[in-house]
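Beneath this line is the structure, given in structure tokens, with notes to follow.
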Amino acid sequence: MGEQLDLFGYKPVLQPEPSPAAPVDLPAPLAPETSPGQMDLFSDRWQRAAAAHKALESFDLDAAAEALREAVRLYPADVALLERAEVVARLAASLRGARRKHPTLARALAAIEPKVPPFLATYWHRRMADLLEVEGGAGAVLDAVPAGFHWLRAGEVVRAEESLRSTLAREPSDCRARGYLADALFAQERQAEARIAYREALALAPSQVDMCNVGDPSVQELPSLAETEYELPGAPVEWAAAVGLLEGVFIPPLHLADDWVGAQTIGGLAPGVRFYRWLVAEKLARDDAHRIACRRAMKALSPRLLKELLDRRG
């Protein structure tokens, strides 16, 4: 079996040898101390592969492209190597062009995202997260996307949690960040904490939550339940918090905020979010009069969902 350079895994990929029925003429072997094949295999070949891989891990595209060019020069018959070299070289050129057009490196890096191939996506996210926080501080946000999202996609869930908490310390109402924080907690198998964060995000600004990428399957299916099982009006995601309480995915808050269902507070909210607020208020009602008032408000928003709630209580 022969060997082909696997640049991104450091391992030789075994290739079938030519058939014995088709012999090839080989040059006389060189003395061991002058054999170029051995020199390449144990020095240049792997050193250049390691150099390119290290550069790509830090998303240093120019250094990676240079290492790859040298590897291709040494091994021009390696088709897979040539293809990767061309991809990286084009991406490096795109980043150089973007840097001339954008004021910061983070913005330039964001501009080339559509051109980043899947095999470099993790490295791109890691570099993006790092740059955002170098340029903007812990928890920085660019175009509504927090650095913690990029740490999360890079697979660094602990750093993602730390970064997203910094984002929320800056802006507590950022429900996109809160949803990603829930994802980071869920990835660490902290389901109870994660579901509180999901609930808070969906109850405050559900349209901001990246539902397509929610990690918890039970939370991700809530909008679908709202649409198909309960046929609720409006955008399904707006009912996710209320349906989550009904289905037992979420537990209700233990306390009401000031003016939780006050006219000025609740007036501009989506119907599903208003239903959620009345549902929480009904659970914490101090007497029958308040409980009945809450149920009337819920009935006006969705008689079917209120009936389902009361039927389940027996």
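Residues to consider are L131, L81, L95; find the one that is under 26 Å from L185 (Cα atoms) and surrounded by 17 or more Cβ atoms within 10 Å (Cβ to Cβ).
Only one candidate qualifies: L131.
Among the helices (runs of 4 or more DSSP H) contained in region 181-283, which hold 3 or more residues that are at pLDDT 95 or above and in contact with a helix residue (DSSP H, G or I) (Cβ under 8 Å, 6 or more places away or on another chain)?
191-204, 240-246, 271-283
Kindly list, by first and then second residue, each pair from a residue in region 160-172 that is over 16 Å from V145 (Cβ atoms) to a residue that is basic (K, R), limited to pairs with Cβ atoms under 6 Å and residues at least 6 apart or on different chains.
none
Among what's in region 284-314 and is touching a residue at least 60 places away in the same chain (Cβ under 8 Å) and in a helix (DSSP H, G or I), pick the residue that is nearest to the chain's Cα centre (by Cα).
Here the answer is L305.
The values are calculated or read from the model by the stated rules, or taken from the named source; none is laboratory data. For clarity, every value in this text was computed on a predicted model and none was experimentally measured. Virtual Cβ from ideal backbone geometry, glycine too; neighbours counted across all protein chains shown.
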